[in-house]
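Here's the structure, in structure tokens; my notes come after.
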Amino acid sequence: MTNQPRLFGAIEAGGTKFVVAIGNERGEILERERFPTADPASTLAATHAFLRHRGKALGALESIGVASFGPVELDKASPRYGCIGHTPKAGWSGTDMMGGLAREFRCPIGFELDVNAAALAEYRWGAARDVDHLVYLTIGTGIGGGVIIGGAPIHGLMHPEIGHIYPRRHALDLGFEGVCPFHGDCLEGLASGPAILARTGAELRQLDATHPQWEIEADYLGQLCAQLVLTVSPRRIVVGGGVMSSPRLLSLIRPRLQHWLGGYIERGEVHASVDGYVVAPQFGDNAGVLGALALAMDAAAQT
Ligand code: ZN
């Protein structure tokens with residue numbers, strides 16, 4: 001037996017920033033570095049350099065987890081497993097996020113979509129650690145959602161793209177065409193941070209409490225939660241991201257969820273106990289990198 005602590009590499013590969021860390025099996029981050037997402041070659045080189053140098057100082061890495069912005073290929077039988085799909089992020093389409101890591105570090109590597117990984121972190125250690133069916137939503141520059149069913153993220157045809165469903169238009173919002181480059185007025189096109197900015201010239205938290213944008217935003221996100229209740233039946237919905245930085249928004253979403261369910265679902269979780277059903281994340285901005293740590297631990301356990 002050795003007393004050497006188990007160490008894992010964790011990479012949160014975001015569209016605007018990378019967070020690279022080394023953590024332990026208790027979900028504690030020991031070292032971390034963050035840098036802006038530049039071109040793939042220099043960004044991945046900086047990622048490798050951190051793990052190489054800090055790993056050498058702390059001890060050997062048992063495995064590495066990668067929580068990547070999407071779309072990504074999650075089918076392990078595909079030759080494109082671990083690669084970024086078609087993305088508007090310049091230069092990144094087709095980037096192999098895992099191959100270079102596997103060649104250099106020669107250890108198991110876990111790979112997931114970033115929101116699935118964040119969901120995993122909240123499930124493993126955070127705001128949903130007492131349930132095994134949950135959805136983690138992030139409402140920010142885009143809208144994404146990770147779905148965990150029976151303790152595992154959903155994979156299928158690809159991964160859910162919850163942000164691109166079409167909500168029913170709010171009566172005060174009929175003239176806005178939406179900002180999604182693919183769909184115009186899908187949910188992301190109507191309720192993401194850039195959509196709020198396009199209508200009002202401001203972030204939601206900067207607007208007066210009487211501004212109709214609060215009601216519009218809460219209604220669209222309430223519709224999203226209602227559709228999730230009706231389709232995937234989660235035991236909890238965790239809602240984070242930059243647009244959620246005002247706690248007031250969460251309290252406006254809950255009654256809109258109830259409105260859109262129309263009294264059809266009789267479970268107490270969506271009625272008297274709704275404050276414990278639609279909740280804020282425990283980890284905030286740390287959910288992604290902690291999710292990558294969880295992926296690394298799972299990859300080590302599977303070998
Ligand atoms: Zn869309």
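The values are calculated or read from the model by the stated rules, or taken from the named source; none is laboratory data. What you are looking at is a predicted structure, and each value in this text was computed from that prediction instead of being measured. Ideal geometry is used to build each Cβ from the backbone, glycine not excepted, and the neighbour counts take in all protein chains shown. Side chains included, ligands, DNA and RNA excluded: accessible areas come from the protein's heavy atoms. Shrake-Rupley method; radii C 1.70, N 1.55, O 1.52, S 1.80 Å.
Worth a mention:
- Strands (runs of 3 or more DSSP E) (entirely within the range 16-68) containing at least 2 residues that are over 19 Å from the mean Cα position of the chain (by Cα): 17-23, 29-36
- Verdict on Ile149 being more than 9 Å from the ligand (Cβ to nearest atom) and within 23 Å of Leu257 (Cα to Cα): yes
- Residue in the range 5-24 that is among the basic types (Lys, Arg), under 15 Å from Gly100 (Cα atoms) and open to solvent by 50 Å² or more (accessible area, probe 1.4 Å) present: no
Per-residue answers, yes or no, for (1) in the same structural domain as Pro88 (by TED's automatic domain parsing); (2) under 19 Å from Cys107 (Cα atoms); (3) of a type in the set (Ser, Thr, Tyr):
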position	(1), (2), (3)
Glu28	yes, no, no
Arg34	yes, no, no
Ser42	yes, no, yes
Ala60	yes, yes, no
Val66	yes, yes, no
Gly70	yes, no, no
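- Tabulated pairs, the range 275-303, first open to solvent by 40 Å² or more (accessible area, probe 1.4 Å), second among the β-branched types (Val, Ile, Thr), C-beta under 7 angstrom, 6+ apart or interchain: Ala280/Val239
- From Leu204, Leu249, Leu221, Leu228, residue being within 20 Å of Ala127 (Cα to Cα), touching an Asp or Glu at 6+ places or on another chain (Cβ under 7 Å) and more than 12 Å from the ligand (Cβ to nearest atom): Leu249
- Residue ID - nearest to the chain's Cα centre (by Cα), chosen from residues in the range 188-199 that are within 14 Å of the ligand (Cβ to nearest atom) and open to solvent by less than 20 Å² (accessible area, probe 1.4 Å): Ser192
- Within the range 166-187, the set of residues being open to solvent by less than 50 Å² (accessible area, probe 1.4 Å), touching a residue at least 40 places away in the same chain (Cβ under 8 Å) and either within 11 Å of the ligand (Cβ to nearest atom) or farther than 17 Å from Leu197 by Cβ (or both) comprises Pro167, His170, Leu187.
- Checking the stated criteria, Pro160 turns out to be modelled with pLDDT under 95, in the same structural domain as Leu257 (by TED's automatic domain parsing) and in contact with a strand residue (DSSP E or B) (Cβ under 7 Å, 6 or more places away or on another chain).
One line per residue, one yes/no per condition, for (1) in contact with a Gly (Cβ under 9 Å, 6 or more places away or on another chain); (2) under 30 Å from Gly110 (Cβ atoms):
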| position | (1), (2) |
| --- | --- |
| Gly142 | yes, yes |
| Val147 | no, yes |
| Leu172 | no, no |
| His183 | yes, no |
| Leu190 | yes, no |
| Pro194 | yes, no |
| Leu197 | no, no |
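- Residue check: Gly163 meets all listed conditions (1) crowded, with 16+ Cβ neighbours inside 10 Å; (2) more than 12 Å from the chain's Cα centre (by Cα); (3) within 16 Å of the ligand (Cβ to nearest atom) but one, namely (2).
- Exclusive hit being touching a His at 6+ places or on another chain (Cβ under 6 Å) and either open to solvent by less than 30 Å² (accessible area, probe 1.4 Å) or in a loop (DSSP other than H, G, I, E, B) (or both), set Ser78, Ser93: Ser93
- Qualifying residue in the range 255-268 (condition: on the phi < 0 side of the Ramachandran plot, outside any helix (DSSP H, G or I), crowded, with 17+ Cβ neighbours inside 10 Å and of a type outside the set (Phe, Trp, Tyr)): no
- Filtering Gly110, Gly144 for residues that are of a type outside the set (Lys, Arg), within 16 Å of the ligand (Cβ to nearest atom) and either open to solvent by 10 Å² or more (accessible area, probe 1.4 Å) or not in a loop (DSSP other than H, G, I, E, B) (or both) leaves a single hit, Gly144.
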